[in-house]
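Q: Below: one structure in structure tokens.
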Amino acid sequence: MTNGIIKSFRLTRFEFRRDRVIGDSQVGFDAFHGFALELVDAAGHTGLGFGHALWDAMPPLAALEARFLADVWPRLDGAAPQALIHRVGRPRGGNQRDADAGFGEALQIALWDLAAQQAGLTLAACLGAERTSVRAYASGLDFHLSDAAFAAFFSRAADCGFDTFKIKVGHADPEWDLARLDLLRRTVGARAGVMIDANEAWSPKEASMRLEMFRRAGHDFIWVEDPILRSDVDGLRALSAAVPWTQINSGEYLDVAGRTALLMARGCDIINLHGRVTEVMRIGWLAAELGLPVALGNTTLETGVHAACALPGAEWLEYSFQNYDHLVETPIPIRDGHAHVPDMPGLGLRLSDAARSIWAAPEPLAPAARLTGPGCRFFTEQTPRAATA
């Protein structure tokens with residue numbers, strides 16, 4: 001079937017200011033650095049994937065294209081996406097490197113998007129989904145916000161229909177964390193669901209002490225995310241036993257082997273997955289065999305909704321109100337606290353004309369030259385509400 005083979009690709013490089021500083025107790029970022037990868041088949045279908053870098057600007061577009069041509073394109077040119085999406089490599093010795101040259105996540109998403117379009121199915125259906133929506137929680141990435149900005153953010157999130165919220169903790173002063181929790185409760189109400197994310201800020205003992213402190217102050221959590229080092233499987237397992245009133249969510253920073261080891265050791269109560277579709281499904285299937293739930297963390301433009309709907313143990317998708325919806329014609333629908341699969345083959349996303357023109361940045365920009373991306377679509381439509389008792 002020659003119409004199904006990959007014939008060409010396009011890369012579009014982006015660099016723009018975020019509408020707020022996002023981050024946690026370890027890092028903060030005020031700019032988006034990323035790229036879009038489009039894979040085009042002989043019939044004209046286009047598979048779309050996104051990649052990004054947190055700390056540094058992406059290389060110039062010409063360098064990205066040269067790297068892709070040299071290291072990735074030879075195994076894509078003339079191949080069918082269905083023949084590539086499940087392929088497993090076995091790096092050994094000196095070949096223990098990123099074989100996808102930094103394009104791994106974008107490549108997996110684009111290949112799956114293309115394969116699903118060729119099959120005439122949504123990506124969720126192609127992955128085996130029997131549902132078309134998943135609960136979403138409002139995530140602030142809020143550690144660097146002032147108290148006033150924090151309260152305004154979560155008030156608006158509640159007005160958008162969210163009833164479950166995740167905030168960043170892990171400050172050197174535990175009273176700061178407690179004050180933020182109190183502020184959240186005053187803002188969204190005592191009945192709201194709450195998760196917290198410490199981004200590995202604590203030792204196991206410190207985590208246990210802080211969680212008990214928060215609970216004595218009247219705060220219960222759906223889960224506690226990455227409370228201690230990702231590599232401390234014994235500590236994670238012991239912490240889970242020490243706080244039976246909540247769940248330990250971990251695995252965000254691990255690769256496939258690390259997540260497998262974490263699951264097999266029962267080192268977490270919920271495994272946290274992200275955007276690499278093939279790897280997400282492999283770990284999600286293993287979690288299902290072990291009877292453990294899955295949470296889909298941040299995925300660029302919420303592409304993770306498809307895998308979330310396909311995995312039986314996936315109960316949540318993270319939504320963090322990031323200002324990159326303008327990169328696509330129509331973003332993933334978020335309604336009534338749920339993320340919905342678009343009623344279109346594949347991902348249901350198409351790169352916008354504005355992304356190719358206004359927002360494309362072929363060369364690195366000085367910070368002062370970066371445009372500020374539009375505000376989150378919800379926040380431009382909502383009016384902040386009064387605090388809830």
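Q: Looking only at the stretch 266-286, which residues are within 15 Å of LEU254 (Cα to Cα) and touching a Pro at 6+ places or on another chain (Cβ under 8 Å)?
A: ILE270, ILE271 - these are the residues of the stretch 266-286 that are within 15 Å of LEU254 (Cα to Cα) and touching a Pro at 6+ places or on another chain (Cβ under 8 Å).
Q: State whether one or more residues within the stretch 370-384 are of a type in the set (Val, Ile, Thr), part of a strand (DSSP E or B) and modelled with pLDDT of 95 or more.
A: No, the stretch 370-384 contains no residue that is of a type in the set (Val, Ile, Thr), part of a strand (DSSP E or B) and modelled with pLDDT of 95 or more.
Q: Let me ask something else. Looking only at the stretch 132-144, count every residue that is outside any loop (DSSP other than H, G, I, E, B) and either closer than 19 Å to ILE332 by Cβ or not assigned by TED's automatic domain parsing to the domain that holds ALA314 (or both) and tell me the total. Full working, then the answer.
A: We begin by selecting, within the stretch 132-144, every residue outside any loop (DSSP other than H, G, I, E, B); these are 133-139, 142.
So of that shortlist, the ones also either closer than 19 Å to ILE332 by Cβ or not assigned by TED's automatic domain parsing to the domain that holds ALA314 (or both) come out as 133-139.
Total satisfying the criteria: 7.
Q: A follow-up question, please. From the list GLY267, GLY275, which residue is modelled with pLDDT under 95 and part of a loop (DSSP other than H, G, I, E, B)?
A: Just one listed residue meets the conditions, GLY275.
Q: Now a separate question. What is the residue count in the stretch 346-365 for residues that are more than 10 Å from PHE14 (Cβ to Cβ) and assigned to a strand (DSSP E or B)?
A: Adding up the residues that qualify gives 2.
Q: Consider ALA198 against the criteria (1) surrounded by fewer than 22 Cβ atoms within 10 Å (Cβ to Cβ); (2) farther than 24 Å from PHE379 by Cβ; (3) under 24 Å from the mean Cα position of the chain (by Cα): it satisfies all of them except one. Which criterion is unmet?
A: Result: ALA198 fails condition (1) only.
Q: Another question about this same structure. Among the hydrophobic types (A, V, I, L, M, F, W, C), closer than 25 Å to HIS33 by Cβ and either surrounded by fewer than 24 Cβ atoms within 10 Å (Cβ to Cβ) or assigned by TED's automatic domain parsing to the domain that holds HIS340 (or both): which single residue out of VAL294, VAL305 fits that description?
A: On the way: VAL294 fails: closer than 25 Å to HIS33 by Cβ.
Exactly one residue qualifies, and that residue is VAL305.
Q: A follow-up question, please. Are any residues in the stretch 104-131 at pLDDT 95 or above, buried (at least 18 other Cβ atoms within 10 Å of the Cβ) and either part of a loop (DSSP other than H, G, I, E, B) or of a type in the set (Gly, Ala, Ser) (or both), and if so, which ones?
A: Result: ALA106, ALA110, ALA115, ALA116, ALA124, ALA125, LEU127, ALA129.
The values are calculated or read from the model by the stated rules, or taken from the named source; none is laboratory data. Quick caveat, the model's predicted, so the values are computed rather than measured. All Cβ positions, even for glycine, are placed from backbone atoms using ideal geometry, and neighbour counts span all protein chains on display.
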